[in-house]
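Read the structure below first, then the notes.
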Amino acid sequence: MRTILRLMVFTRKYWPWLLLAFLCLIANTVFSLAIPRMLGIGIDTALGQGERGFLVVAALVVLGASILRGLSGYGNTYFSEVISQKTAYDIRNALYNRLQHLSFAYHDQSQTGQLMSRATVDVDAIQMFFGRGILSLAEVAILSLGISYVLIALNWQLALLTLAFMPLVGWRALNLGSHLRPIWLKIQRLMGILGAILEENLTGVRIVKAFSRQPQESQKFAAQATHLYDEHINLARLRAFNVPMMVFLISLPVSLILWYGGRQVIAGGLTIGDVTQFILYIGMLAMPIRRLAFMTTVLSRTASAGQRILEILDAHSEVKEKPDAIELSNSAGEVRFEGVSFSYGANETVLKRVSFRVQPGELVALLGGSGSGKSTIAHLIPRFYDPTEGRISIDGTDIRDLTLASLRRNVGIVQQNVFLFSASVRDNIAYGALEATDEQVVAAAKAAYLHDFIQGLAEGYDTWVGERGVTLSGGEKQRLVIARTLLTNPKILILDDSTSSVDAETERLIYRALSELIKGRTTFIITHRLQVMRNADLILMLKDGEVVEQGKHTELMSLGGYYRQVYQSQLLADREEKPQL
């Protein structure tokens with residue numbers, strides 16, 4: 001229930017629409033209650049008093065009440081749908097915005113398919129509650145109270161006898177809800193798992209086909225689909241049993257009315273019209289009771305869906321911007337690490353007490369084996385993560401005191417895993433600088449030695465790039481991402497193994513362009529290229545998360561330590577490298 005109440009907060013600003021829907025609901029209920037009353041009076045007047053002309057008046061009143069009930073029902077349905085659509089819109093946007101602002105650490109531990117399921121399937125479940133649930137609950141309550149009042153006014157003994165079964169019906173609905181909620185929670189979790197499997201396989205479809213793994217992947221998908229099928233069957237079994245049970249409980253009062261009411265008619269305590277009204281009102285009561293069974297399912301599904309959505313909205317972001325954060329403007333580019341340690345988890349220490357200072361405009365080479373912490377250093381500078389210990393500063397200011405937007409405007413990073421959007425080449429290059437002119441886009445492409453290639457495309461810079469850049473080669477994607485980063489003109493530039501997917505000639509052209517572009521920028525390059533090592537102003541040699549050596553090439557070579565071993569092994573590897581046929 002707490003989950004439902006928290007979701008209700010999203011309807012707060014739409015109270016005028018909710019009020020209109022509620023007024024229409026009241027009107028609909030009043031007109032619905034008036035129809036059996038007029039039928040009963042009409043029957044008694046025509047049969048008891050012989051005034052058959054009154055039947056025409058009663059028929060017209062019933063017709064008018066039916067028309068007004070239809071109009072108010074339309075208003076209730078329309079306004080309810082407006083509320084549900086507006087609320088779902090807000091929830092979906094709040095969910096998306098929250099996902100955008102959560103730190104990398106959260107996304108590292110989340111499955112894309114699960115997040116997509118929550119943003120689509122779970123939001124749709126909540127929308128159903130606001131569209132057909134919240135006012136339906138009010139309708140059930142109002143109609144039940146209205147019918148109970150009318151029945152008691154007609155004959156309180158018969159009313160109490162027939163209404164005695166209502167608590168049993170309510171208990172059945174609540175009991176069903178307690179069984180349905182865990183099933184719905186499991187169903188929505190399984191749908192997220194299926195979405196994750198589907199997303200993973202569609203993304204890696206070329207790998208699946210290349211290794212002929214289609215049967216195994218189909219089997220994995222089918223196994224989860226079977227679990228989902230079984231849970232839906234369990235759900236259907238409970239719901240199928242509940243409907244006839246509700247119908248049976250409703251039929252019992254009708255039987256009592258015929259038995260006891262008929263005796264009262266014979267004794268003169270009730271009229272035929274009164275008994276007719278009782279039967280009609282009990283029939284009307286069947287509708288909200290059946291709807292109560294439906295609402296039990298909707299509430300159970302909404303509670304489980306809301307729980308999954310609130311988990312995201314309540315998620316803690318490890319990277320937070322301070323309320324009094326300051327803008328980083330006109331940065332000189334000085335970067336300092338002071339005793340920085342970082343851990344992805346309790347047992348995953350990646351950096352250990354790393355300290356170094358980079359002067360403005362210096363070229364820094366980060367070297368080390370896989371898992372040594374090179375990429376982690378690169379990700380800490382723009383605050384993709386926060387260090388668990390120590391301090392990182394730019395121009396003497398702790399980066400945690402800066403606004404995230406201004407920090408990341410001044411720190412450009414070309415990540416190891418290249419990502420492109422399904423958009424034009426121009427849009428992909430200008431992604432981080434929407435105000436860039438065509439001339440600036442072309443200049444960035446030329447700097448990355450991509451302009452001639454783009455000119456050769458069918459539509460030039462307007463050529464559409466396939467999903468994740470599938471229509472481009474690895475080298476072309478890498479250069480496009482470099483152009484995108486350079487267009488933002490960052491004062492601090494990070495190249496995270498940015499030439500790993502290009503051939504030797506393309507790499508040579510890129511580095512020739514970068515040699516001019518990095519002038520005046522503080523640049524970090526993760527690489528094992530000998531030329532970069534020799535030209536770097538500072539080399540950070542990392543091993544097991546620690547900076548074991550730092551300095552210039554000549555200084556480190558003279559030490560005869562770990563760097564010299566790595567350099568000589570790389571030199572030997574480059575000499576022995578031969579084209580493979």
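The values are calculated or read from the model by the stated rules, or taken from the named source; none is laboratory data. Small disclaimer: the values here were computed from a predicted structure and weren't measured. Reconstructed Cβ throughout: ideal geometry from the backbone, glycine too, with neighbour counts over all protein chains shown.
Screening the candidates LEU60, LEU39 for the property of being on the phi < 0 side of the Ramachandran plot and either loosely packed, with under 14 Cβ neighbours inside 10 Å or not in a helix (DSSP H, G or I) (or both) yields one hit, LEU60. Residues of segment 320-358 being at pLDDT 85 or above, in a loop (DSSP other than H, G, I, E, B) and over 17 Å from GLY412 (Cα atoms), which ones? Passing the criteria: LYS320, GLU321, LYS322, PRO323, ASP324, ALA325.
Taking segment 254-287 as the search range and keeping residues that are hydroxyl-bearing (Ser, Thr, Tyr) and in contact (Cβ under 8 Å) with a residue 60 or more places away in the chain, which one is farthest from ILE41 (Cα to Cα)? If we take residues in segment 254-287 being hydroxyl-bearing (Ser, Thr, Tyr) and in contact (Cβ under 8 Å) with a residue 60 or more places away in the chain, then TYR260 is farthest from ILE41 (Cα to Cα).
Filtered by the rule that a residue be surrounded by 12 or more Cβ atoms within 10 Å (Cβ to Cβ) and within 28 Å of the chain's Cα centre (by Cα), segment 230-245 gives ASP230, GLU231, HIS232, ASN234, LEU235.
Residues that are in contact with a strand residue (DSSP E or B) (Cβ under 7 Å, 6 or more places away or on another chain), at pLDDT below 80 and not acidic (Asp, Glu) within segment 490-505 comprise just one, SER498. Cβ-Cβ contacts under 6 Å between residues 6 or more apart (or on different chains), taken from a first residue in segment 548-566 that is within 17 Å of GLN531 (Cβ to Cβ) to a second residue that is surrounded by 13 or more Cβ atoms within 10 Å (Cβ to Cβ) and among the charged types (D, E, K, R), are listed as HIS553/ARG534; LEU556/GLU549; MET557/ARG564; TYR563/GLU549. Please list, ordered by first then second residue, the pairs with beta carbon atoms under 7 Å, 6 or more apart or interchain, first in segment 12-27 and assigned by TED's automatic domain parsing to the domain that holds TYR78 and over 12 Å from ILE134 (Cβ atoms), second of a type in the set (Ser, Thr, Tyr) and buried (at least 17 other Cβ atoms within 10 Å of the Cβ). Close Cβ pairs satisfying both conditions: CYS24/SER72; ALA27/SER72. Taken as a whole, the structure leaves PHE278 outside the set of residues that are surrounded by 15 or more Cβ atoms within 10 Å (Cβ to Cβ), in a strand (DSSP E or B) and at pLDDT 75 or above. Kindly evaluate GLY412 against the criterion of being assigned to a strand (DSSP E or B) and either surrounded by 14 or more Cβ atoms within 10 Å (Cβ to Cβ) or within 31 Å of the chain's Cα centre (by Cα) (or both). So GLY412 fits the description; yes.
Selection over segment 71-105 of residues that are within 15 Å of THR120 (Cα to Cα), of a type in the set (A, V, I, L, M, F, W, C) and modelled with pLDDT of 85 or more gives a count of 4. In this structure, SER393 does satisfy being assigned by TED's automatic domain parsing to the domain that holds ILE525, outside any loop (DSSP other than H, G, I, E, B) and farther than 18 Å from ASN489 by Cα. In summary, helices (runs of 4 or more DSSP H) completely within segment 119-231 and bearing 1 or more residues that are out of contact with any strand residue (DSSP E or B) (no Cβ under 7 Å at 6 or more places or on another chain), without any contact (Cβ under 8 Å) to a residue 40 or more places away in the chain and of a type in the set (Val, Ile, Thr) occur at 134-154, 205-210. Take the conditions surrounded by 14 or more Cβ atoms within 10 Å (Cβ to Cβ) and in the same structural domain as HIS528 (by TED's automatic domain parsing) and apply them to THR437. Does it pass? No: the conditions fail for THR437.
One residue stands out in segment 1-57 among those that are in contact with a Phe, Trp or Tyr (Cβ under 9 Å, 6 or more places away or on another chain) and small (Gly, Ala, Ser): the one that is modelled with the highest pLDDT, namely ALA21. Once segment 124-141 is narrowed to residues that are surrounded by fewer than 19 Cβ atoms within 10 Å (Cβ to Cβ) and either among the hydrophobic types (A, V, I, L, M, F, W, C) or farther than 20 Å from ARG69 by Cβ (or both), the residue that is farthest from the chain's Cα centre (by Cα) is ALA141. Quick check on segment 355-368. Is at least one of its residues within 29 Å of ILE326 (Cβ to Cβ), surrounded by fewer than 15 Cβ atoms within 10 Å (Cβ to Cβ), charged (D, E, K, R) and in contact with an Asp or Glu (Cβ under 9 Å, 6 or more places away or on another chain)? Yes - at least one qualifying residue is present in segment 355-368.
Every residue, every condition in (1) of a type in the set (Val, Ile, Thr); (2) closer than 22 Å to THR120 by Cβ; (3) surrounded by fewer than 17 Cβ atoms within 10 Å (Cβ to Cβ); (4) modelled with pLDDT of 75 or more, yes or no:
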residue: ARG181; (1), (2), (3), (4): no, yes, no, no
residue: LEU185; (1), (2), (3), (4): no, yes, no, yes
residue: GLY192; (1), (2), (3), (4): no, yes, no, yes
residue: LEU198; (1), (2), (3), (4): no, yes, yes, yes
residue: VAL205; (1), (2), (3), (4): yes, yes, yes, no
residue: PRO215; (1), (2), (3), (4): no, no, yes, yes
residue: PHE221; (1), (2), (3), (4): no, yes, yes, yes
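Scanning segment 99-118 for residues that are in contact (Cβ under 8 Å) with a residue 40 or more places away in the chain and either in contact with a Pro (Cβ under 7 Å, 6 or more places away or on another chain) or not in a helix (DSSP H, G or I) (or both) gives LEU102, SER103, GLN111. Among the residues making up segment 299-319, a single one is in contact with a Ser or Thr (Cβ under 9 Å, 6 or more places away or on another chain), part of a loop (DSSP other than H, G, I, E, B) and of a type in the set (D, E, K, R): GLU318.
Residues considered: LEU487, LEU457, LEU472. Of these, the only one that is at pLDDT 80 or above, of a type in the set (A, V, I, L, M) and buried (at least 20 other Cβ atoms within 10 Å of the Cβ) is LEU487.
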